[in-house]
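Written out below as structure tokens is the structure these notes cover.
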2 protein chains.
Amino acid sequence: MDLLDAAADQVTREAVEAAFTPRETATLLKPVDSANYTDFYASIHHATRVGRLFRPENPLLPNYMYVPIGYHCRASSIVVSGTSIRRPSGQTKPVAGGIPAFGPTRFLDYEVEVGMYVATANPLGEPVPIRNAGSHIFGLSLLNDWSARDMQVWENQPLGPFLAKSFATSVSPWVVPMAALAPFRVPAKLRPSDDPSPLEYLFDATDQYTGAIDLTVEAWLLTPSMREADQAPHRLSQANLRDLWWTPAQLIAHHTSNGCNLLPGDLVATGTVSGPADESAGCLLELTAGGKQPIELPNGETRSYLEDGDEVILRGFCRRQGFPGISLGECRGLVLPAS
Amino acid sequence: MDLLDAAADQVTREAVEAAFTPRETATLLKPVDSANYTDFYASIHHATRVGRLFRPENPLLPNYMYVPIGYHCRASSIVVSGTSIRRPSGQTKPVAGGIPAFGPTRFLDYEVEVGMYVATANPLGEPVPIRNAGSHIFGLSLLNDWSARDMQVWENQPLGPFLAKSFATSVSPWVVPMAALAPFRVPAKLRPSDDPSPLEYLFDATDQYTGAIDLTVEAWLLTPSMREADQAPHRLSQANLRDLWWTPAQLIAHHTSNGCNLLPGDLVATGTVSGPADESAGCLLELTAGGKQPIELPNGETRSYLEDGDEVILRGFCRRQGFPGISLGECRGLVLPAS
């Protein structure tokens, strides 16, 4: 960094600066070609709001507070921010007595997430203890787990989401190293005293004190009408990673607790980052109560789910008095009509 | 092949044979380093028997006959036949009022499966039509989808199996090309007239006539006592790939129907291959009715689930009058105690 600062002599600075490209003119590529991609479900607020849609009387499943719920996702369809997203087709649930329809999803959604890139491999059969687990993460980027809700609800049982997710996942084009996030570490989410403590393999005192991250994530929407009228994107939600039920280290410790090997570059995502407030809900499924309560945009348009031409923009940043801010940049994707 | 046949002159044959290693003395490696691994659930007999354990009155879910149910699995923990399998630890469901236990699985199981390796990529956003889908498969191997049933039943909702499967998957060390299986192609499973036909995107007349494969798969068990007494392995089950509800081409067409891109070398497995008869059930979960009806072995031992030192041996072969037989070889794995 010394080569760029004001104290460097002018000849050095000019030589170094010539080697850089302004970000606006650069083509940003996918930062990592991840061999494996896992998605967790670490926001209890997301799990509760989604659960309420299907089980109003009992939204949170009995395993949630004990098990960092996660599943394997599709690594091949990870794309970099700016890649347009083709509306997928798939089967949807039949109306009573009929057969399922096959066609473009009508309930296309985004999910605001943060992706963690693995730095250090663990050999197959050797779990990473919780006290070391944080050091296996290299850094973070934004992630949009595009979801076709009508396909998801029909295919989901008994093995979980499959084609409702695997058509595309967007990631932001740079990775913020964990070292840069050190000033923004905060205690793990405080659990209400009635709620269970983490099991021993997920409990580490240091992780409880400093394992979470004070990182704000936002979702913004730019519709074709807004774009034509040269209006700015509209913010749909703002939430904070510190509100997750699990810390990053707990997710790594759990993932490897059965001996599963993580490889350098593997992507491990948080799941939708939603907070307790309604305006902190990180997907349209939550914001519109399953499409039943469309949101109204400042220009009078409404949305239940995403329409063709809509662009979703995720942003993420850390702010703390006395420290330089950190930006995770943006993760953008524009919805193309079904082919 | 001419170089090896009886008509080749002796000098040629000796020169060529010197370049070969007898199979017994060779170290066989993982045939493909798959970037992505998907597992289907294509045996309606498996789905029905497993469903009956949890929902006796309604074993088959409403989507089963329409949707080739599948999920993403963990590619990093695929190992070659002969690799020993460490018994994994994980969370299991608490008894009423208690907290979950964490420890070695007590319900370790195998699953007899066949894996298909992808030959030809399809670009992201471009589904493979059913009429071309078969040509995207290079060949087949045996696959053992090791499963920790007590972990699975606790973690499974709402996102499907995760750590109950990701600790290890075994594959046999060679791939039989689809071209070699041409004499063994048979019609797709005949569906009872009350059952729905495949949706249009999964229906191709040629595939219906010749899309299935007459391939026998077997599971054999060798316990430590049997090994010490120099006894042969005991056959636990025998089933046939032709009894699957979906053809290989239908699995590929469905997988890509949302635009998901398959890469060369990707592994797409059938799910447990079970047939209609009780002795054709391809895992202990089925054979022992969830552990409640232990099986008896010829030496008087019983098994509900796998014990340390047990070795599971999968075999697969095609036989047809007038054609040379084809062997998929073996897929072996010995269970090591938890670390």
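The values are calculated or read from the model by the stated rules, or taken from the named source; none is laboratory data. All figures in this text were calculated on a predicted structure; none of them were measured in a lab. Here the Cβ positions follow ideal geometry from the backbone for every residue, glycine too, while neighbour counts run over all protein chains shown. These accessible areas exclude ligands, DNA and RNA; they are computed on the full protein's heavy atoms, side chains included. Shrake-Rupley method; radii C 1.70, N 1.55, O 1.52, S 1.80 Å.
Label-to-label distances for A:Ala15 across copies, nearest first, come out at 5.9 nm, using points 7 Å from Cα in the beta-carbon direction. Computed from protein heavy atoms with a 1.4 Å probe, the total accessible area buried between B and A is close to 5000 Å². Of all chain A C-beta atoms, the nearest to the rotation axis linking A with B is recorded, alongside its rounded Å distance, as A:Gly160, 1.
When B:Gly82 is represented by a point 7 angstrom out along its Cα-to-C-beta vector, the spacings to that point in the other copies are 4.8 nm, nearest first.
For segment A:70-75, the Karplus equation 6.51 cos²θ - 1.76 cosθ + 1.60, evaluated at θ = phi - 60°, returns couplings of x, 7, 7, 10, 9, 7 Hz by residue, with Gly and Pro reported as x. Over all Cα atoms in chain B, the spread is summed up by Rg and Dmax: 20.7, 78 Å. As a fraction of the 1.4 Å probe accessible area of the protein assembly as shown, surface on carbon and sulfur atoms comes out at 55 percent.
A probe of 1.4 angstrom, applied to the heavy atoms of all protein chains, finds B:Cys73 with accessible area near 20 square angstrom. The mean count of C-beta atoms from other chains within 10 Å of the C-beta of residues in A:91-100, rounded to a whole number, is 3. Just to check, using Stokes-Einstein with a Kirkwood Rh over alpha carbon pairs, what's the diffusion coefficient of segment A:269-309 at 20 °C and 1.002 mPa s in µm²/s? Translational D for this selection: 193 µm²/s. Look at where the Cα atoms of segment B:260-283 and of segment A:105-134 average out, and the two centres are 27 Å apart.
One equal scatterer on each Cα of the protein assembly as shown, no solvent, Debye formula: the resulting log10 I(q)/I(0) at q = 0.06 Å⁻¹ is -0.36. The helix-based estimate of mean residue ellipticity at 222 nm for chain B, built from -39,500 (n - 2.57) per DSSP H run of four or more residues and divided by its residue count, is -4000 deg cm²/dmol to the nearest 500. A:Phe203 exposes around 100 Å² of accessible area when a 1.4 Å probe is run over every protein chain in place.
Counting only other chain Cβ atoms within 10 Å of each residue's Cβ, the peptide B:190-200 averages 1. The residue among A:Phe102, A:Ser43, A:Ala212 whose Cα reaches farthest toward the positive pole of the charge dipole of chain A, with charges on the beta-carbon of Lys, Arg, Asp and Glu, is A:Phe102. A point 7 Å from Cα along Cα→Cβ stands in for B:Glu126, and the other copies hold the same point at 4.3 nm, listed in rising order. For A:Thr105, the residues whose amide H sits under 5 Å from its own are A:Ser89, A:Gly90, ignoring neighbours fewer than 5 places away on the same chain, with H placed 1.01 Å from N.
Residues considered: A:Ile78, A:Ile137, A:Ile99. Largest GNM mean-square fluctuation over chain A, using C-alpha springs under 10 Å, is found at A:Ile99. Rounded to the nearest whole Hz, the Karplus-based 3J(HN,Hα) values (6.51 cos²θ - 1.76 cosθ + 1.60, θ = phi - 60°) of segment A:124-132 follow the sequence 4, x, 10, x, 9, x, 4, 5, 9, with x at glycine and proline. Calculated on C-alpha atoms, the gyration radius of segment B:59-202 divided by its Kirkwood radius gives an Rg/Rh of 1.03.
Under 1.5 on a/c is rounded, so check that first for segment A:119-275, then, if it is not, pick prolate when a/b is larger than b/c and oblate when it is not; a ≥ b ≥ c are the square roots of the alpha carbon gyration tensor eigenvalues. Since a/c reaches 1.5 and a/b is larger than b/c, the shape of segment A:119-275 is classed as prolate. For segment A:65-115, the spread of Cα coordinates along the three principal axes comes to 41, 37, 19 Å, biggest extent given first. Out of the DSSP beta bridges found with both residues in chain A, what percent are antiparallel (nearest 5)? Rounded to the nearest five, the antiparallel share is 85 percent.
Each of the peptides B:254-261, B:207-214 was scored by the mean count of other Cβ atoms within 10 Å over its residues; in descending order, highest first, they stand as B:254-261, B:207-214. Name the most mobile residue of A:Ser76, A:Ser280, A:Ser225, meaning the one with the largest mean-square fluctuation, in a Gaussian network model of chain A with Cα contacts below 10 Å. Between A:Ser76, A:Ser280, A:Ser225, it is A:Ser225 that shows the largest mean-square fluctuation. Here the relative contact order of chain B, from alpha carbon pairs under 8 Å that lie six or more residues apart, stands at 26 percent. Among the lysines, which fall within straight-line cross-link reach of A:Lys30, defined as a Cα-Cα distance under 20 Å, with same-chain neighbours fewer than 8 residues apart omitted? Once the sequence-local lysines are set aside, what remains near A:Lys30 is A:Lys165.
Heavy-atom accessible surface of chain B, averaged per residue, reaches 42 Å², computed with a 1.4 Å probe. For the residues of B:37-50, the average number of beta carbons from a partner chain within 10 Å of their own beta carbon is 1. Can you bin every Cα-Cα distance in segment A:23-127 into 10 Å intervals starting at zero and give me the percent of pairs per bin, rounded to whole numbers? Pair shares across the bins are 10, 26, 34, 23, 7, 0. Under 5 Å from the amide H of B:Arg86 lie the amide H atoms of B:Leu336, each residue being 5 or more positions distant or on a separate chain, with H modelled from the backbone and absent for Pro and chain starts.
Report, in whole Å, the centroid distance computed from the Cα atoms of segment A:72-89 and segment A:313-339. Using only Cα atoms, the two centres lie 17 Å from each other.
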